[in-house]
Amino acid sequence: MEQVKKKPMKETLTIKTSHVFPPDANHLGTLFGGKLMAYIDDVASIAAIKLARNPVVTASTDSVDFIKPIKIGDSVTLEAIVTWTGNTSMEVFVKVIAEQLLTGKKAVAALSFLTFVALGEDGKPTVIPEVFPETDEEKWLHQTASRRAAHRKSRKQESKDLVAFFSHNFN
């Protein structure tokens, strides 16, 4: 197996900003949750590819916490960064910031953690570089990743148990 060098987390930082228009919103005048989730997956996958320099697939969306509504006329900025790496998988954190463009008032609107797996030319998982933190925010995200990974592993087992339980209907 080839030696893969370490990369600073900041090399994966990916930022996307969009203007919220009426077709993007629900009947309450706020951004559709599904639309925001698509933005999150998009920006997170770009951050993951920046690390792997290979195609990636979403293995899980661990959480999407909607904290504040994003209204028509606001801008929505998503900041994604790879916070932790395994051998072939990585955790990506996405922070969503809403800005009232006419006033300049900003607020964190959502937070999300996703897991991606890098794929080689053969379509199978491939080894990725390890990331390392530099800033205080990066250090906190990196140091707390093992706790999230343990929760993710437990949740995945629960999902497997549910699949086994419900699969009897298909046989």
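The values are calculated or read from the model by the stated rules, or taken from the named source; none is laboratory data. This structure is a prediction, so every number in the text was calculated from the model and none was measured. For neighbour counting, all protein chains shown are included, and Cβ atoms are generated from backbone atoms with ideal geometry for every residue, glycine included.
Annotation: Thr135 fulfils all but one of (1) surrounded by fewer than 16 Cβ atoms within 10 Å (Cβ to Cβ); (2) under 15 Å from Leu13 (Cβ atoms); (3) within 16 Å of the chain's Cα centre (by Cα); the unmet one is (3). If only residues of segment 61-91 that are under 29 Å from Lys6 (Cβ atoms), small (Gly, Ala, Ser) and surrounded by fewer than 17 Cβ atoms within 10 Å (Cβ to Cβ) are counted, the one that is modelled with the highest pLDDT is Gly86. With the requirement that a residue be aliphatic (A, V, I, L, M) and closer than 30 Å to Ser75 by Cα, what does segment 132-166 give you? Answer for segment 132-166, where residues must be aliphatic (A, V, I, L, M) and closer than 30 Å to Ser75 by Cα: Leu141, Ala145.
Step by step: first the residues of segment 43-60, then only those that are buried (at least 16 other Cβ atoms within 10 Å of the Cβ) and assigned to a strand (DSSP E or B), then the one that is modelled with the lowest pLDDT. Which residue is that? Checked segment 43-60; the qualifying residue modelled with the lowest pLDDT is Ser60. Contact annotation: residue pairs with Cβ atoms under 6 Å, 6 or more positions apart or on different chains, pairing a residue in segment 63-74 that is under 18 Å from Asp41 (Cα atoms) and in a strand (DSSP E or B) with a partner that is among the aromatic types (Phe, Trp, Tyr) and modelled with pLDDT of 95 or more, are Ser63/Phe113.
In this structure, Ala118 qualifies as more than 13 Å from Phe93 (Cβ to Cβ), touching a residue at least 40 places away in the same chain (Cβ under 8 Å) and buried (at least 18 other Cβ atoms within 10 Å of the Cβ).
So that you can scan it fast, the table gives a plain yes or no per residue for (1) under 21 Å from Leu36 (Cβ atoms); (2) in contact with a His (Cβ under 9 Å, 6 or more places away or on another chain); (3) modelled with pLDDT of 95 or more; (4) part of a strand (DSSP E or B):
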site	(1), (2), (3), (4)
Val94	yes, no, yes, yes
Ile97	yes, no, yes, yes
Ala107	yes, no, yes, yes
Asp122	no, no, yes, no
Glu137	no, no, yes, no
His142	no, no, yes, no
Lys160	no, no, no, no
Phe165	no, no, no, no
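Here His27 fulfils each of the conditions (1) within 23 Å of Glu137 (Cα to Cα); (2) surrounded by fewer than 17 Cβ atoms within 10 Å (Cβ to Cβ) apart from (1).
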